[in-house]
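Following: one structure in structure tokens, then a few remarks.
The values are calculated or read from the model by the stated rules, or taken from the named source; none is laboratory data. Note that the coordinates shown come from a computational prediction; the quantities given were computed from them, not determined experimentally. So basically every Cβ, Gly included, is an ideal-geometry build from the backbone, and we count neighbours across all protein chains shown. Just the protein is used for accessible areas: all its heavy atoms, side chains included, with ligands, DNA and RNA removed. Shrake-Rupley method; radii C 1.70, N 1.55, O 1.52, S 1.80 Å.
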Amino acid sequence: MTACAIEPTAESGDDDRTPHAPCAITADGAYAARLAREGDSWFPERWTLDGPEPYAVPLPAHQPEEPGTEVQPMADGRVLIRRLSQGRHAFSLLYPTDPGTGELPLGAVECPDGDTVLRLLPPAPGGQRAYAVAVGRRSTALWLVAGGAFGPERLAEIPGRCSGGVWLDRTGRMLALDREADGLTKTVVVDLERGGEVSPLLQIAAGSDDRLLLAAPDSGLILISSDAPSPGEPRLGWGVLGSTLPVRFPQSLRLAGRALTPFAVQPGQVLVPESCAVALRVDGPFGSWVGVWRPADRWLREFAAPRGWLAGSGLWTEDGVLRLPYATEEEPCGVARMTVPARSAEEPAGASAGHAEERPGGTAEDVPDVVAEALEPEPPEPVAPRPVPLQQAPLAGLVTK
């Protein structure tokens, strides 16, 4: 059996001494996991984030891991790991023991051909289960790889090549995937309680490429990427699941010379999507930093990231504190906290936007804001969220039970 192709794992960091692999965080923010490196050796590392101070626990195996190995934290503190072994993707749960690292093998997934790419999906709500997709030439297989009764379980076969992966509810039932078929990419919903039933979600225009980037289950706020308003130029937009209003593409999320990637949405804002704070990774000619945006504010605030930030990683608390994990030689496990209040009606453009609480070893101070005002009407009134296909206007369609 030939091996699946492995998607490379990107690195970012300040220098060669502190390379940073992507960091996965549980949906409740209690744990995180990443591949860390000491010299030329890679090993899994679990971060505990829900205590008074964050701390890391190394989980090295008997031999170093490959750089492309994926890890994901579970709700009970164990870490799921995916390794390529003898042409198969082997899954195990790692946990600390005294001494060493305990390992519970879960089984393996074999891919049908060498062109198939297998990857873990983002951590599922509840943290009891973990999922993966095997993307083939013409279809995508959805797998339950942890939390099942008898090892990895194939749940569904989805026509087309799928990317992305966003959870739409807090039960882990509704999964959104970006499906490429017939030369176009549209987001679909996979209902895990109906045998993997697939329904359309994002359809902005007939000939547009539409992708779902983030979703907030409490408020229904979604962040999307689509080239509908500017063919050939993907733009960031926002909408509300269940709304009757069209998706909007604000000018404040369209900045020349900078790439914006949303990575976290503030939870707990029930029925008030325009109040949700959105954190974005901003990539420009001088590196990466942090952007904060709210639909109601209609402007983007930009801040220096903490030194050693695990770029693109972070989460919001319900009361509006952005937590950014970082690792440096002085502090190998740190979390910078940034508070960004909503803009008041009297606040002039260009005023100070907020503050970051600097932790020892971090440099999360503010930088002068870069403000881009949106050329759009006031945000819509909030409505109750439910998964629906998003048409250009109005938004209507799928109703799930």
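Odds and ends about this structure:
- When each of the peptides 301-311, 59-69, 323-333 is scored by the mean number of other C-beta atoms lying within 10 Å of its residues, the order from highest to lowest reads 301-311, 323-333, 59-69.
- Fraction of accessible area attributable to carbon and sulfur, the stretch 102-186 (%, probe 1.4 Å): 49
- The stretch 188-202-the stretch 33-95 distance, computed between alpha-carbon centres (Å): 31
- What the phi angles of the stretch 155-167 give under the Karplus curve with 6.51, -1.76 and 1.60, with θ = phi - 60°, is a coupling list of 9, 7, 10, 10, x, x, 9, 9, 10, x, x, 9, 8 Hz, glycine and proline written as x.
- For V335, the residues 5 or more places off, or on other chains, whose built amide H falls under 5 Å of its own are Y326.
- Assigned charges on the beta-carbon of Lys, Arg, Asp, Glu; the stretch 209-315 dipole about Cα centre (debye): 260
- Ordering of 289-297, 143-151, 205-213 by packing [mean C-beta count within 10 Å, highest first]: 289-297, 205-213, 143-151
- Each residue of the stretch 54-66 was assigned a 3J(HN,Hα) from its phi angle through the Karplus curve 6.51 cos²θ - 1.76 cosθ + 1.60 (θ = phi - 60°); the sequence is x, 8, 10, 10, x, 10, x, 8, 6, 9, x, 8, 6 Hz, with glycine and proline shown as x.
- Where the stretch 267-311 is the region considered: accessible area per residue in Å², 1.4 Å probe: 28
- Amide H partners (placed H, <5 Å) of G29, local residues excluded: none
- Computed over protein heavy atoms with a 1.4 Å probe, the accessible surface of the stretch 50-166 works out to 47 Å² per residue.
- Placing R0 at 35 angstrom, the Cβ-Cβ distance between A90 and T339 gives a FRET efficiency of 0.25 after rounding to 0.05.
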